[in-house]
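The values are calculated or read from the model by the stated rules, or taken from the named source; none is laboratory data. Given the structure is predicted, the values throughout are model-derived calculations rather than measurements. Cβ sites come from the backbone with ideal geometry, for glycine too, and all protein chains shown count toward neighbours. In case anyone asks, the SASA skips ligands and DNA or RNA and just uses the protein heavy atoms, side chains included. Shrake-Rupley method; radii C 1.70, N 1.55, O 1.52, S 1.80 Å.
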Amino acid sequence: MCGIIGYSGHRPAVPVLVEGLRRLEYRGYDSAGVAYIENNELTLLRAEGKLSALESKVAGCSHHMATSGIGHTRWATHGVPVERNAHPHRDNSGELALIHNGIIENYQEQRQWLSERGYTFASETDTEVLVNLIAEGRKHTETLQKALSWALERVEGAYAIALMSIHEPGTIYAARQASPLVFGKGIGENFVASDIPAFLPYTREVVFLEDGEMVTLTPSSWEVCDARTLAPIEKEVHTITWDVQAAQKGGYKHFMLKEISEQPKVVADCLTGRVDAASKAVTLSELEGTTPPKRLHILACGTSYHAGLWGMNLIESWARIPVRVEIASEFRYRDLLLDEDDVVLAISQSGETADTLAGMRRAKEMGATVIGLCNVVGSSVSREADHVIYTQAGPEISVASTKALCSQMTLLLLLALHWGRQKGTLSAEVEERAVTGVMGIPGILEAELPRMRERAQELSRKYSASRSFMFLGRGLQFPLALEGALKLKEISYIHAEGYASGEMKHGPIALIDKEFPTFALALHDDLFPKVKSNLEEVQARDGRIIALTHPGLDIAAEDVWVIPEVWGPLNTFLVLPCLQLFSYEVADYLGKDVDQPRNLAKSVTVE
Ligand code: F6R
C-alpha cells in the first residue's frame, strides 16, 4: 500500500518525482524517498514521516543534472516506519536501487538464502531482499532485464516495482504482479507509476500493465514484455480525459469536503446516458445481452460494503433476486457454495482492494460471473471482471470515502431497476417514482448542502468532546448508521458503533449514559414508530440524542436535525451527506488530519 513513480526524460527528475509522490501520498505516507543518478553516482534520499520531510532533504542536495530516477511513498508492511526501511533500497554493491509496492511473501526464505551467500541487510524490508536477489540474478544472467526476470521467478506475493542501475542511467525497469502499475508515454520522456495522477501534468497517454508484465523505459523508448519469457507484448495506449485539476482541492480546505460537495454532480454523472428523461427507461449498456442473476453475492470492504448492504434491500425488493452481502476478507476464505448460476458483484472504489480482488478471483474459478462496480478506470477489478460498471465519480483523493459511496448507491439503484424491469417484478409506479425521484436528487442536494454543513458545524462544536458515539438506524438506514460510525472513527478517532436500532436492547444499551451520545436516523418511513420507541429507551437511560429526521415528526431528542423528505429509498441520498459532514466537522474542529488519517491508506492493496 505505497505509491511508486519512475521517470526518465529531459527534465530535472527529482522535482518530477517529488511532485508525483505528492499526488500519490493518498496511498500511504509514513516515509518517502527518491533515487537518481548524477555524476555517475547513484544517490538515495529518504525521510521518515510525511513528504514534506523528504522535500526538506531534497532542497539541501544537488540533483539538478539528474534526468531519471525513481520515487516512493510508503505505508509500512514489513518493518517499522523509519528511514532505514524507507524506499528506495540498494543492493549490497550499491549499484542498483529498487522501489516496491506490495508484499513478497517468501522474503524470509530468500533472505536466508542470500545471507548464506554473503549478502547483508540494513533494513527489515522484503524490498531489500528483492534488490539483492536481482543483484544475485545478475551473476547468473547476461543483462539486468534477465536478472530481474530471474529474481521475479523466485519470489511469491504482490509487487509493483521499479528498478534502476548505475550502469544504465536513463533506463528504468518496472514490473507488476497483483499491485497496480501504469505506464505514461510522453514526448522525449516516459513515466511509470502506481496511479495516473502522478504523471498527469506531463502526459495523458497511458498503458495499463497487467500481472506478469514488465516495461522497460528510456526517455525515447518503451517496451512491454512478459516478465518471465521477456517476449514482447503489444499494448494499447489509452488517452485519459480527466485533468489534474479534478484531482486537486479546488478551493476547499480538504479533499474530503470537496468530495462531499461534489455529490450532486456525482449523482447526475451516474445517471447521464443511463436514464432517459422522457421515457424513464434505465439502460445499463455494460450488461447488454445478459440476464438477471438467479442469486447475487455482493462482495466489498469498508464503505463499499455498506453500499452493498444498502443495495441488497432494493435488489431483493424490486428485482426479487436473493442477495447475500459479504465482507470480502471473510468471503475469500470461506468454504464457498458457488456455481455458474451465481453472480458476484464486486464493489470497490479503487478497484485495487486485495481482499475484494481475491474474493472475485475465487468466485471466477468456481464458475460464477463477476460484475465489477468500481470507480477507477483500468483498475484490477475493472480488468478482471466479466462485466464492469463504472461509477464515474472522478478521482477520490481523501482517504475517507464519501462521494464514491454516493455513486455506488446510485448505480445499485439503477441495477435494481434494470433487473426488476428485466424480470417483470418492478411495478410501474415504483419505477416511475424511483427514476423521477433520483433525477431530482442533484438539485435537492445542491440546495441543501450549505444548510447541512451549517447544522453539522453547530453540532460538532457541541459533541466533539465525546469519547464514544452510537449510530442507530433501521432498514435502509442501518447501513448508513454503520457508515456514520465508520466515518467518525476513521477521521476523528472517536470510538463509534453503528447498530440496527432494534438490536440496542440486546446488549449495547448497557453502554448508554450521559457521556455516550446517540446519532439516530429517525426518518418518515414504516419503521419510524419502532425507531421512536428505541430512542425512548435510550432517553430513559439519560442518553443524549441527535435525531436526523423529517419535518412534522414527533420525536424527543436533545438535538433535532430536520432534512427535507423525498420519496422512500431516495432519502438515503440526503442522510449520507449529513453523516459525512458531521464527521468532517468534528474532525476538523478537533484539528485532525482529515484527508490523511493515521494508520490508513486510500487503497488497501495488501491483505
Ligand atoms: C472508508 C474507506 C474504506 C474503503 C475500503 C474499500 O472511508 O474508504 O473503508 O471503503 O477500504 O475500498 P475500495 O472501495 O477501494 O475497495
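Rounded to the nearest 5, what % of DSSP beta bridges with both residues in segment 249-426 are antiparallel?
On the way: 1 of 21 bridges.
Antiparallel: roughly 5 percent of the beta bridges in segment 249-426.
Using helices alone, I'd like the mean residue ellipticity at 222 nm for the chain: each DSSP H run of four-plus residues gives -39500 (n - 2.57), total over residue count, nearest 500.
Numbers: 16 runs with 215 residues, N = 607.
Rounded to the nearest 500, it is -11500 deg cm²/dmol.
Peptides 110-121, 299-310, 400-411: what's the order by average Cβ count within 10 Å, highest mean first? Mind dumping the intermediate values first?
Numbers: 110-121: 14.0, 299-310: 25.7, 400-411: 27.2.
Going by the mean number of other Cβ atoms within 10 Å, highest first, we get 400-411, 299-310, 110-121.
Under the Kirkwood approximation for Rh and a Cα-based Rg, what ratio Rg/Rh is obtained for segment 208-326? It would help to have the intermediate numbers written out before the result.
Values: Rg = 21.0 Å, Rh = 19.4 Å.
Ratio of gyration radius to Kirkwood radius for segment 208-326: 1.08.
With just the Cα atoms of segment 249-426, tell me how far they stretch along each of the three principal axes, in Å, largest first.
Computed over the Cα atoms, the extents are 50, 42, 26 Å.
Listed here are the pairs Lys50/Lys146; Lys258/Lys294; Lys294/Lys602; Lys185/Lys249; Lys235/Lys280; which of them are more than 32 Å apart at the Cα? Provide the component values of the computation, followed by the final result.
Details: Lys50/Lys146 35 Å; Lys258/Lys294 39 Å; Lys294/Lys602 34 Å; Lys185/Lys249 26 Å; Lys235/Lys280 40 Å.
Correct reply: Lys50/Lys146; Lys258/Lys294; Lys294/Lys602; Lys235/Lys280.
Show me 384-392, 97-105 ranked by packing, highest mean number of other Cβ atoms within 10 Å first. All intermediate terms of the calculation are to be shown ahead of the outcome.
Numbers: 384-392: 20.0, 97-105: 25.9.
Answer by packing, highest mean first, reads 97-105, 384-392.
So for segment 249-426, taking the charge dipole from beta-carbon charges (+1 Lys/Arg, -1 Asp/Glu), which of Leu373, Pro322, Met256 sits furthest toward the positive end?
About the Cα centre, the residue reaching furthest to the positive side is Met256.
Which three numbers, in whole Å and largest first, are the semi-axes of the equivalent ellipsoid of segment 445-595 derived from its Cα gyration tensor as √(5λ)? Write down the numbers at each step before the final one.
On the way: eigenvalues 87, 76, 34 Å².
Ellipsoid half-lengths, sorted descending, are 21, 19, 13 Å.
Classify segment 48-110: rounded, prolate or oblate, from the alpha-carbon gyration tensor (a ≥ b ≥ c, eigenvalue square roots; a/c under 1.5 rounded; otherwise prolate if a/b is larger than b/c)?
oblate
Heavy atoms only, 1.4 Å probe, whole protein assembly: order Ser52, Ser220 by accessible area, highest first. Write down the numbers at each step before the final one.
Numbers: Ser52 65, Ser220 110 Å².
The ordering from most to least exposed comes out as Ser220, Ser52.
Sticking with the crude label model, points 7 Å out along Cα→Cβ, report the distance from Gln422 to Arg461 in nm, one decimal please.
Label at Gln422, label at Arg461, 5.2 nm between them.
Dividing the alpha-carbon radius of gyration of segment 79-176 by 2.2 N^0.38 Å (N being the number of residues), what value is obtained? Intermediate values should be presented prior to the final figure.
Values: Rg = 12.2 Å, N = 98, 2.2 N^0.38 = 12.6 Å.
Output field value: 0.97.
Calculate, for segment 445-595, the solvent-accessible area per residue in square angstrom, rolling a 1.4 angstrom probe over the heavy atoms of the protein chains. Provide the component values of the computation, followed by the final result.
Details: 5790 Å² over 151 residues.
Per residue, segment 445-595 has 38 Å² of solvent-accessible surface.
Under 16 Å between alpha carbons, and skipping anything fewer than 8 positions from Lys514 in its own chain: which lysines qualify?
Lys462
With all protein chains present, how much of the accessible area of the chain (probe radius 1.4 Å) comes from carbon and sulfur, to the nearest whole percent? Walk me through the numbers on the way to the answer.
On the way: 11140 of 22690 Å².
Carbon and sulfur atoms account for 49 percent of the accessible area of the chain.
How would segment 3-246 be classified by its alpha-carbon gyration tensor: rounded, prolate or oblate, with rounded meaning a/c under 1.5 and the a/b versus b/c comparison settling the rest?
Working: a/c = 1.45, a/b = 1.16, b/c = 1.25.
It comes out rounded by the Cα gyration axes.
Mind checking the angle between helix 126-140 and the chain's longest principal axis? C-alpha axes, 0 to 90 degrees, to the nearest 10.
For helix 126-140, the angle is close to 30 degrees.
Run the reach check for Lys487 against aspartates and glutamates, Cα to Cα strictly under 16 Å, same-chain hits fewer than 8 apart removed. What comes back?
Glu259, Glu396, Glu497, Glu585, Asp588, Asp593, Asp595
Excluding same-chain residues fewer than 8 positions from Lys532, which lysines have a Cα within less than 16 Å of its Cα?
Cα-Cα hits under 16 Å: Lys505.
Between Gln112 and Glu365, what length in nm is gained on full extension when 0.36 nm per residue of separation is reduced by their alpha carbon distance?
Numbers: separation 253, 0.36 × 253 = 91.08 nm, distance 3.43 nm.
Gain on extension, Gln112 to Glu365, equals 87.6 nm.
Going by average Cβ neighbours within 10 Å, how do the peptides 525-532, 204-211 rank, with the highest at the top? Numbers along the way, then the final one.
Working: 525-532: 16.4, 204-211: 19.1.
Highest to lowest by the protection proxy: 204-211, 525-532.
Quick one: of the DSSP bridges fully inside the chain, what percent are antiparallel, nearest 5? Walk me through the numbers on the way to the answer.
Working: 60 of 99 bridges.
In the chain, approximately 60 percent of DSSP beta bridges are antiparallel ones.
Please list Trp561, Trp242, Trp150 from largest to smallest accessible area, probe radius 1.4 Å, with all protein chains kept in place. Don't jump to the answer; show the numbers that get you there.
Working: Trp561 5, Trp242 80, Trp150 40 Å².
Ranking Trp561, Trp242, Trp150 by accessible area, largest first, yields Trp242, Trp150, Trp561.
Once label points are set 7 Å from the Cα along Cα→Cβ at both Glu448 and Glu515, what is their separation, rounded to one decimal in nm?
The two pseudo-label positions are separated by 3.5 nm.
Once the mean 1/r over all distinct Cα pairs of the chain is inverted, what Kirkwood radius in angstroms do you read off? Don't jump to the answer; show the numbers that get you there.
Numbers: mean 1/r = 0.0393 Å⁻¹.
Evaluated on the chain, it is 25.5 Å.
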